[in-house]
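Data first, discussion second: the structure below is written as structure tokens.
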2 protein chains.
Amino acid sequence: MIKVAIIGYGNLGRGVEQALKQNPDLELVGVFSRRNPETVQTEGAPVYELDELEAKKETIDVCILCGGSATDLPVQTPAITKNFNTIDSFDTHAKVPEHFANVDQAAKENQTVSIISTGWDPGLFSLNRLYAQSILPEGETYTFWGKGVSQGHSDALRRIDGIADAIQYTIPKNDVIERLKAGEKMELTTRDKHLRECFVVLEAGADPDAIKEAIVTMPNYFDEYDTIVHFISAEELRRDHHMMPHGGTVLRTGTTNETTKQVIEYNLQLESNPEFTASVLVAYARACARLAKEKQFGAFTVLDIAPKYLSPLDDATLRKELL
Amino acid sequence: MIKVAIIGYGNLGRGVEQALKQNPDLELVGVFSRRNPETVQTEGAPVYELDELEAKKETIDVCILCGGSATDLPVQTPAITKNFNTIDSFDTHAKVPEHFANVDQAAKENQTVSIISTGWDPGLFSLNRLYAQSILPEGETYTFWGKGVSQGHSDALRRIDGIADAIQYTIPKNDVIERLKAGEKMELTTRDKHLRECFVVLEAGADPDAIKEAIVTMPNYFDEYDTIVHFISAEELRRDHHMMPHGGTVLRTGTTNETTKQVIEYNLQLESNPEFTASVLVAYARACARLAKEKQFGAFTVLDIAPKYLSPLDDATLRKELL
């Protein structure tokens, strides 16, 4: 039995609690939160203050860190890795090397294991980029995201004066994906790959035309895209847009000689982004516990871990049933 | 530089020679064949008799075995693994455990490394089945093949009296795949998943109706499928059916709680099956040489090998560029 603690209880932490119920070889010790435990409503897991974590060291095999990449994980992952084996979903691509170095040092000095940047991008998409480009060295890799909710773009909309609430969907241009799969060579701009669709609830008296203009011209977030803006009621937003779907495609188109085209495609279609990410974290928590048992101390990413470490089945069964 | 020998020079061996040209860190030492070397036309590689292989031991890091799974590889892989690190594409699913045990013994006794059953199924499809079911433990995995040429079914057609030549395409039922992706639960029979399409050249005087009946009722090969039979000329067969396309889909549909559907899809669309399989073999040849350098002796499958071993890039570059 692998004993697991959840650190932080937002959407991701809640998803991990759910995912653990589908994995009978992993047992949830409890949720550790910075909030007052009495205010944290879990689906049954006991809740403790984060300060109590270290005292429970002997009862926990792996901590699954469910905080955010902006401020939580850069501090929490190295700190908690000093005492525990850890998993995180750190997803600030540009800062992965620095985060890896910090966590690796903490893990090696304290003989623990940490697997960083799990989830689906970074994570499963990274794996697929690596496999595909290693197998087809002559070719192009394309990553498309969506259809799905972008939290960052939704937040950007909500910061505009006159907007009461909003949600933004990133939508891949499927016709472009089909043309790439058919072998067409294309130089793609940002605008060519994705659409942005916004559902906006206005504050009383706000000017829709001015707000639409403010959205579509917003630098970095919307100006380089074709952006569709819908104005809806608060009631419609609540009713029709409470799910957190996401997904996307990693496409590698290559040639094995001058004329032979080969296409590798990996595709996720997710009704809940946080629940799926949580399921990836839990599979890698199993891998983390095994690496620790093998005393392979240090930091890892999904690129460093053999697929078999994710499965509850033994090697002989995997060869027999899955190969 | 990783020095590679090709053992056997059919379609797969020819594909490996091609693939090695796209991988500058691997160098081809030569092709080793049971045929008279003067009769083997390569695209530039020197050809040697298979009996000369052992004498070249010091100049070869990895042997890529390109023989067939029925009779060549069960004998060749364990035998050659006694002296060399090896890769094969053994694809008789039911006999994988026995083959693995034989090769593992040869490798461990002689301190070599062998990676068996690489390619795409077994191989990349196996990987994807493992990742997907480990991440979504509550769900179903479906494997579809095609559209592509089945060598076994084409051979079965050619053995029928009155058939001069023939080719058979396995065709997945895409509407079924779409319904599964949309979340429909289905109990699928063999007939529900694939169609079989045959292009047949008759011998002079053969009876088309009798031959069609012999095909569609053939046990194991065609009787459990909807089979379409076309009669064409030898000229049409040569002109329109000389490529060896293949591919397929591994689909995992699962739920992360009672109502949340999640779909993972892996999809290959290959204009040349042997050239793509060869490209997979070459990427795993790189992994094989590295495992040997690390003295991790024994037999492996794709399920046992961390993704990073396939890439010519170093770990820090992979984290920076692909994660």
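Brief remarks follow.
- Estimated from the Cβ-Cβ distance and a Förster radius of 30 angstrom, the FRET efficiency linking A:GLN151 and A:ASP207 is about 0.70.
- Residues B:GLN111 and A:LEU50, FRET efficiency given R0 of 60 Å [Cβ-Cβ distance, rounded to 0.05]: 0.75
- Annotation: peptides A:55-64, A:125-134, A:217-226, ranked by per-residue average of other Cβ atoms within 10 Å with the highest first, follow the order A:125-134, A:55-64, A:217-226.
- Packing around the peptides A:95-103, B:5-13, taken as the average count of other Cβ atoms within 10 Å per residue, puts them in this order, highest first: B:5-13, A:95-103.
- Convex hull volume of the Cα atoms of the stretch A:129-199, normalised per residue: 103 Å³.
- Diffusion constant of the protein assembly as shown at 25 °C, which comes from Stokes-Einstein with the Kirkwood Cα-pair radius and 0.890 mPa s, µm²/s: 91
- Computed over the stretch A:88-131, the percent of Cα pairs more than 14 Å apart is 52.
- Peptide ranges B:22-35, A:298-311 listed from the most packed, as the mean C-beta count within 10 angstrom indicates: A:298-311, B:22-35
- Springs join every pair of Cα atoms under 10 Å in this Gaussian network model of chain B, and among B:LEU251, B:LEU124, B:LEU50 the largest mean-square fluctuation is at B:LEU50.
- Distance from the stretch B:230-288 to the stretch A:202-223 (C-alpha centre basis), Å: 46
- Over 13 Å [Cα-Cα, the stretch A:193-236], rounded percent: 55
- Residues whose amide H falls under 5 Å from that of A:LEU136, counting only those 5 or more places apart or on a different chain, are absent, with hydrogens built in the peptide plane.
- Neighbouring partner chain Cβ atoms per residue of A:118-124, average, 10 Å criterion: 2
- Beta bridges per DSSP with both ends in the protein assembly as shown, % antiparallel, nearest 5: 55
- Each Lys and Arg Cβ is given +1 and each Asp and Glu Cβ -1; about its Cα centre, chain B then shows a dipole of about 940 debye.
- Förster radius 25 Å - calculated FRET efficiency between B:ASN11 and B:THR190, Cβ distance, rounded to 0.05: 0.35
- Partners for B:LYS21 among lysines (Cα-Cα distance below 20 Å; same-chain residues under 8 apart left out): A:LYS261, B:LYS3
- Potential extension, A:ALA316-A:LYS295 segment - 0.36 nm per residue separation minus Cα distance: 5.3 nm
- Sequentially through the stretch A:277-284, phi angles give Karplus couplings (6.51, -1.76, 1.60; θ = phi - 60°) of 4, 4, 5, 5, 4, 5, 4, 6 Hz, Gly and Pro residues having no value and appearing as x.
- Histogram of C-alpha separations across the stretch B:276-323, 5 Å bin width, %: 5, 19, 29, 23, 17, 6, 1
- Ascending count of other beta-carbon atoms within 10 Å, so fewest first, for A:VAL282, A:VAL113, A:VAL263: A:VAL263, A:VAL113, A:VAL282
- Simple spin-label estimate for B:GLU98 and B:ALA70 in nanometres, 7 Å along Cα-Cβ: 1.6
- Relative exposure of A:MET244, B:MET1, judged by other C-beta atoms within 10 Å (fewest first): B:MET1, A:MET244
- Couplings for the stretch A:264-269, taken from phi via the Karplus curve 6.51 cos²θ - 1.76 cosθ + 1.60 with θ = phi - 60°, read 10, 10, 10, 9, 10, 9 Hz in order; Gly and Pro are left as x.
- Dipole moment magnitude, nearest 20 debye, the stretch A:174-323 about Cα centre, only Lys, Arg, Asp, Glu C-beta charged: 1100
- Shielding value for A:132-144 is 5, the average number of Cβ atoms from other chains within 10 Å of each residue's Cβ.
- Percentage relative contact order, the stretch A:1-81, counting C-alpha pairs under 8 Å, at least six apart: 37
- In this structure the amide hydrogen of B:ILE163, modeled in the peptide plane, comes within under 5 Å of the amide hydrogens of B:GLU203, none closer than 5 places in sequence on its chain.
- Estimated inter-spin distance, A:GLU236 and B:GLN41, nm [label 7 Å along Cα→Cβ]: 6.8
- Rounded D (µm²/s) - the stretch A:147-261, Kirkwood Rh over Cα pairs, Stokes-Einstein at 10 °C, 1.306 mPa s: 100
- Computed over the alpha-carbon atoms, the stretch B:189-323 gives an Rg to Rh ratio of 1.13, Rh here being the Kirkwood radius from the mean inverse distance.
- Chain B: proportion of alpha-carbon pairs further apart than 33 angstrom, %: 35
- For the stretch B:60-76, Karplus couplings with θ = phi - 60° (6.51, -1.76, 1.60), whole Hz, Gly/Pro x: 10, 8, 9, 9, 9, 8, 10, x, x, 7, 5, 10, 6, 5, x, 8, 5
- Of the residues B:VAL47, B:GLY205, B:THR112, the one whose Cα sits farthest toward the positive end of the charge dipole of chain B, with +1 on the Cβ of Lys and Arg and -1 on the Cβ of Asp and Glu, is B:THR112.
- Assigned charges on the beta-carbon of Lys, Arg, Asp, Glu; the stretch A:252-307 dipole about Cα centre (debye): 280
- Within chain A, helix-based [θ] at 222 nm, where runs of 4 or more DSSP H residues each add -39,500 (n - 2.57), nearest 500: -10000 deg cm²/dmol
- For A:VAL47, the residues 5 or more places off, or on other chains, whose built amide H falls under 5 Å of its own are A:VAL31.
- Compactness check for the stretch A:14-53: Cα Rg over 2.2 N^0.38 Å is 1.18.
- Of the beta bridges in chain A, as assigned by DSSP with both residues counted there, near 50 percent are antiparallel.
- Expected-Rg normalisation [2.2 N^0.38 Å, Cα atoms] applied to the stretch B:69-170: 1.37
- Counts of other chain beta carbons within 10 angstrom of each beta carbon in peptide B:249-260 average 4.
Bear in mind these aren't lab numbers, they're just calculated from the coordinates by the rules spelled out. It should be emphasised that the depicted structure is a prediction, and the values quoted were computed from it without experimental measurement. Cβ sites come from the backbone with ideal geometry, for glycine too, and all protein chains shown count toward neighbours.
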